[in-house]
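K.L.:
This structure is in structure tokens; I'll ask about it shortly.
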Amino acid sequence: MGGEGETLGGRGCFCKKVQRGIGDFFSVRLSQSQEADRLAEMQKRIVVLFGDGVEEIELVAPVDLLRRAGVDVVLASLMDRKKVKTRGGLMLEADVLANEVAWIDFDALMLPGGPGVAAMRASGVAASVAIDFFQAGKCIAAICAAPLILKDAGILQTVRHTAHASTIAELPDAELGEKVIVADQIITSRGAGTALDFGFAIVEHLCGKAVRQRIETDVMFV
């Protein structure tokens, strides 16, 4: 009986160890899941709004840097199709159509420039979206001729900004000597030649200076 008792006791001990092991396993899995949820909540999201005639450098360069920074970037087409023809004749495919976007889900709005800005202004959609982001205190980044959309939205009246030289008639206060201007939540830049500077400014605004510096090193910008 003593031997049997010892055996039963040993089994009981073994079962407790197994139970503890299973408990530890699920505890680790749960903590990993919670951490994943926490990181997902922390991840910044930016929507890029554009249409035919977009300047491809001003679109692709900042998007590349933002994705390197871990930002969730969604490309939204203002056309009635996802495939968009750039200024240089390239065909790019957006992730979604603009009318499918839940704007409230994003932390920032990016507006690339190019000849397509004229049609973006005419539609009024981009300006309306910009107003919503501005009123919500969210980041808005516009480059080249796209600051004209912010003008239409009534956002640039008291905000320092820069833009492409071709906009000076409508944006007489644009500081053309500046590659990028960050004025609180508004980021503006001059054009294709400053697309990387523009992208890095958005990265720093959303993710912090340390992330910007890491990516600058990675792509040998410095």
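Just so it is clear, none of the values below were taken in a lab; they were calculated from the coordinates. What you see is a predicted model; the values in this text were computed from it and never measured. Neighbour counts run over all protein chains shown; Cβ positions are idealised from the backbone, glycine included.
K.L.:
Antiparallel as a % of all DSSP beta bridges within the stretch 43-218, to the nearest 5?
P.N.:
25
K.L.:
Let me ask something additional. To the nearest 20 debye, what charge dipole does the stretch 112-222 have about its Cα centre, counting +1 at the Cβ of each Lys and Arg and -1 at the Cβ of each Asp and Glu?
P.N.:
120
K.L.:
Could you work out the relative contact order of the stretch 85-222? I mean the mean sequence separation of Cα pairs under 8 Å and 6+ apart, divided by the number of residues, in percent.
P.N.:
This gives 18 percent for the stretch 85-222.
K.L.:
Another question, if that's okay. Roughly how far apart, in whole Å, are the Cα centres of the stretch 99-129 and the stretch 133-164?
P.N.:
11
K.L.:
Starting from the coordinates of the alpha-carbon atoms of the stretch 43-218, obtain the Kirkwood hydrodynamic radius over all distinct pairs and give the value in Å to one decimal.
P.N.:
Numbers: mean 1/r = 0.0640 Å⁻¹.
Averaging 1/r across every pair of different Cα atoms and inverting gives 15.6 Å.
K.L.:
Just want the answer: with Cβ charges of +1 for Lys and Arg and -1 for Asp and Glu, which residue in V117, T194, H164 is farthest toward the dipole's positive end in the stretch 43-218?
P.N.:
The Cα lying farthest towards the positive end belongs to T194.
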